[in-house]
Amino acid sequence: MKCLPLFLLAPAVGLGACAGHAAGPVKAGLAPAHRLPDTRSTGLQPQAHSAIERPSAGGTGRPAADRGPGGGQVHGWREGMLYRLETAPERVSDIMLEPGEALVSVAAGDTARWIIGETMSGSGPGRRTHVLVKPTEAGLATNLVIATDRRVYHVEAESGSSSSMASLSWTYPDDALLAIRAGTAAGPGAGPMNFGYSIEGDRPSWRPLRAFDDGEHVFIEFPPGMAQGEAPPLFVRAAGGGTALINYRVQGRYYIVDRLFSEAELRLGEKPQKVVRIVRASAGNGRRRGS
């Protein structure tokens, strides 16, 4: 039986290997699957991609990647971005969807040399889908399109000789904003949201993923799993060059500051002290409409 060039992987479709597949017998539930249906029948529309989302240093104005436990990457979700997945032969990389998010389909450009599977973890509202990716050799590259009941993920997968990412996952700022609105009396309104902040300085485990404002409040998003003991105090830089503590509230993984600032610093530890700067770009940069 001849293997098809594209595939569809869905919970309702059993996984089966193509006979005579170059990768050999399929193990641990990982298998190539079948042809992707015409997008006209699925309602999926082509999307423009602005950039490959890579682990970035502060100051790019794009969502930064946080190195999670075990070599995983955590990105802030943004519609239309193309995210990078580093893999290696004999290693399985885990693409983790949002808890409660249901997988519809997975498509890849190269199914002859990549093994794709899916599994589930957890139960109830916390039940989570995992898309498992494994290359058959080093020096390969392909793309994945993962469609769910909430969004479409675009992933650029590359295989090296040894280095690989254990997992790829996302935080969802738009979803978090809905919760913040519910708990903040004067929370972000329907006006423009300003994402024109850069994150600079040291790179401790608690380094923020991003900062943004709604014209009245500044929201600082920290990586998931940040321990309470790691929460750094926030200082605002005055026009004269000095700094002073600023009042803020903690809600989930966010600091909420009830005023705007041009530059602030997060500081923690001594000798050496870790310092991360949050710098606001000139007014009007980085704005988009709020959800």
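Quick notes on this one:
- The single residue among S198, S205 that is at pLDDT 85 or above, hydroxyl-bearing (S, T, Y) and within 11 Å of I278 (Cβ to Cβ) turns out to be S198.
- Among the candidates G100, G124, G117, G72, residue that is of a type in the set (G, A, S) and without any contact (Cβ under 8 Å) to a residue 12 or more places away in the chain: G124
- The set of residues in the stretch 199-217 that are under 19 Å from V74 (Cβ atoms) and either surrounded by fewer than 22 Cβ atoms within 10 Å (Cβ to Cβ) or among the acidic types (D, E) (or both) comprises D202, R203, P204, S205, W206, R207, L209.
- For the stretch 218-238, the tally of residues that are open to solvent by 10 Å² or more (accessible area, probe 1.4 Å) and over 18 Å from the mean Cα position of the chain (by Cα) stands at 10.
Let's see how each residue does on (1) aliphatic (A, V, I, L, M); (2) at pLDDT 85 or above; (3) open to solvent by 80 Å² or more (accessible area, probe 1.4 Å):
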site	(1), (2), (3)
L245	yes, yes, yes
G252	no, no, no
I256	yes, yes, no
L266	yes, yes, no
V279	yes, yes, no
G286	no, no, no
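- Residue tally, condition at pLDDT 90 or above and more than 20 Å from L97 (Cβ to Cβ), over the stretch 135-183: 10
- Strands (runs of 3 or more DSSP E) fully within the stretch 68-174 counting 1 or more residues that are open to solvent by less than 40 Å² (accessible area, probe 1.4 Å), farther than 30 Å from I220 by Cα and among the hydroxyl-bearing types (S, T, Y): 82-87, 103-108, 141-148, 152-159
The values are calculated or read from the model by the stated rules, or taken from the named source; none is laboratory data. What you see is a predicted model; the values in this text were computed from it and never measured. Cβ coordinates were reconstructed from backbone atoms using ideal geometry, including for glycine residues, and neighbour counts include every protein chain displayed. The protein model used for the area step is the full one, side chains on, heavy atoms only, and it has no ligands, DNA or RNA in it. Shrake-Rupley method; radii C 1.70, N 1.55, O 1.52, S 1.80 Å.
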